[in-house]
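The values are calculated or read from the model by the stated rules, or taken from the named source; none is laboratory data. Since the structure is predicted, the reported quantities are computational estimates derived from the model, not experimental observations. Neighbour counts run over all protein chains shown; Cβ positions are idealised from the backbone, glycine included. The protein model used for the area step is the full one, side chains on, heavy atoms only, and it has no ligands, DNA or RNA in it. Shrake-Rupley method; radii C 1.70, N 1.55, O 1.52, S 1.80 Å.
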Amino acid sequence: MVTATPAGAATASVALVGNLQSEIGCPGDWDPACAQSELTRVGDTDVFRGTFEVPGGEFAFKVALNDSWDENYGAGGA
């Protein structure tokens with residue numbers, strides 16, 4: 001499970017983006033606009049959450065906002 005709380009004011013979407021996206025139904029990897037990797041907003045909060053099943057292995061990923069790379073976060077929120 002992945003939980004994200006974006007710091008920006010207007011967040012329409014939050015997506016888990018990385019080399020695991022093709023494993024969860026996206027046509028390719030590292031695509032911030034892939035709907036299959038989007039997290040779901042929790043109620044009226046700024047918290048987004050998603051659960052994804054991936055095979056065992058090592059994956060690299062970031063969280064991207066609003067279907068683009070304009071605002072994105074990696075290790076430690078950087």
- Query: When both residues are 6+ apart or on different chains and their Cβ atoms are under 6 Å apart, which pairs have a first residue that lies in segment 1-28 and is open to solvent by 70 Å² or more (accessible area, probe 1.4 Å), and a second that is at pLDDT 60 or above and in a strand (DSSP E or B)?
  - Reply: 3/49
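Kindly provide the set of residues from segment 42-63 that are aliphatic (A, V, I, L, M) and under 16 Å from residue 22 (Cβ atoms), ordered by number.
54, 60
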- When residue 41 is run through (1) surrounded by 15 or more Cβ atoms within 10 Å (Cβ to Cβ); (2) at pLDDT below 95; (3) over 16 Å from residue 10 (Cβ atoms), the failure sits at (3)
- Message: Within segment 56-69, does at least one residue satisfy the condition of being among the aromatic types (Phe, Trp, Tyr) and in a strand (DSSP E or B)?
- Response: yes
- Task: Filter segment 36-55 down to residues that are of a type in the set (Phe, Trp, Tyr) and either free of Cβ contacts under 8 Å to residues at least 24 places away in the same chain or outside any loop (DSSP other than H, G, I, E, B) (or both), then give me how many there are.
- Result: 1
